[in-house]
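**Q** Take this structure, written in structure tokens, and hold onto it; I'll ask about it next.
The values are calculated or read from the model by the stated rules, or taken from the named source; none is laboratory data. The structure presented is a predicted model; accordingly, all values stated were derived computationally and were not measured. Cβ sites come from the backbone with ideal geometry, for glycine too, and all protein chains shown count toward neighbours.
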Amino acid sequence: WQHVLEPISGYLQAVEHLAKDRTLPRHWNFGPRPEDVLPVKDVIDFACDSWNGPAAAKTTGTEQEWYEARTLVLDSTLAKKYLDWVPSLTTQQAVAWTTQWYDAFYRDPATAPQTTQSQISAFTALKG
């Protein structure tokens, strides 16, 4: 679980490095830290907590009927090794940012460009 700005920043960093060194690997994964890999229920809880107003998730069936892969992880080893890339946001932060964007959009779609720019600015500040 990650915010869309995480892989975008990674790909931009890869392009920058590849322009200087064409011998670098050509395939990249940009994923969350291993400690930030969470079950879907935790992500849903973070999203509900981040929504501006009451929010709840409704599930159907029993927990035994649900299917969820034990792990679904991107291996970002090459990005860390060659680009020194690591995520800037925790999963909880990424879900909060995403939820806040959608909350603002659904309240007033005209705010999407300003919300997007605010998040890009905040993300850029985190990256230094």
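**Q** Pick out, from segment 57-128, the helices (runs of 4 or more DSSP H) lying fully within it that include 1 or more residues that are at pLDDT 95 or above and farther than 20 Å from residue 43 by Cβ. Full working, then the answer.
**A** Details: elements: 77-83, 91-107, 112-127.
In segment 57-128, the matching helices (runs of 4 or more DSSP H) lie at 112-127.
**Q** Have a look at 25, 32, 7 and point out the one that is within 19 Å of residue 123 (Cβ to Cβ) and part of a loop (DSSP other than H, G, I, E, B).
**A** 32
**Q** Please indicate, with yes or no, whether at least one residue in segment 23-36 is basic (Lys, Arg) and closer than 17 Å to residue 88 by Cβ. Walk me through how you get there before you give the answer.
**A** Here is the first cut: in segment 23-36, the residues basic (Lys, Arg) are 26, 33.
Restricting the remaining residues to those that are closer than 17 Å to residue 88 by Cβ gives 33.
The answer is yes, given that some residue of segment 23-36 is basic (Lys, Arg) and closer than 17 Å to residue 88 by Cβ.
**Q** Among the residues of segment 47-56, are any surrounded by 13 or more Cβ atoms within 10 Å (Cβ to Cβ) and of a type in the set (S, T, N, Q)? Before you say what the answer is, go through the steps one by one.
**A** Initial filter on segment 47-56 (surrounded by 13 or more Cβ atoms within 10 Å (Cβ to Cβ)): 47-48, 50-51, 55.
Next cut, of a type in the set (S, T, N, Q) only: 50.
Among the residues of segment 47-56, at least one is surrounded by 13 or more Cβ atoms within 10 Å (Cβ to Cβ) and of a type in the set (S, T, N, Q), which makes the answer yes.
**Q** Mind counting the residues in segment 82-111 that are within 23 Å of residue 12 (Cα to Cα), surrounded by 11 or more Cβ atoms within 10 Å (Cβ to Cβ) and without any contact (Cβ under 8 Å) to a residue 24 or more places away in the chain? Outline the logic, then answer.
**A** Here is the first cut: in segment 82-111, the ones within 23 Å of residue 12 (Cα to Cα) are 82-91, 93-95, 97-98, 101.
Imposing the further condition that a residue be surrounded by 11 or more Cβ atoms within 10 Å (Cβ to Cβ) reduces the set to 82-83, 85-91, 93-95, 97-98, 101.
Narrowing the set further to residues that are without any contact (Cβ under 8 Å) to a residue 24 or more places away in the chain leaves 101.
Matching residues across segment 82-111 total 1.
**Q** Which residues, taken from segment 12-46, are exposed (fewer than 14 other Cβ atoms within 10 Å of the Cβ) and of a type in the set (Phe, Trp, Tyr)?
**A** Those that are exposed (fewer than 14 other Cβ atoms within 10 Å of the Cβ) and of a type in the set (Phe, Trp, Tyr): none in segment 12-46.
**Q** What is the one condition in (1) under 30 Å from residue 56 (Cβ atoms); (2) touching a Lys or Arg at 6+ places or on another chain (Cβ under 7 Å) that residue 74 does not satisfy?
**A** (2)
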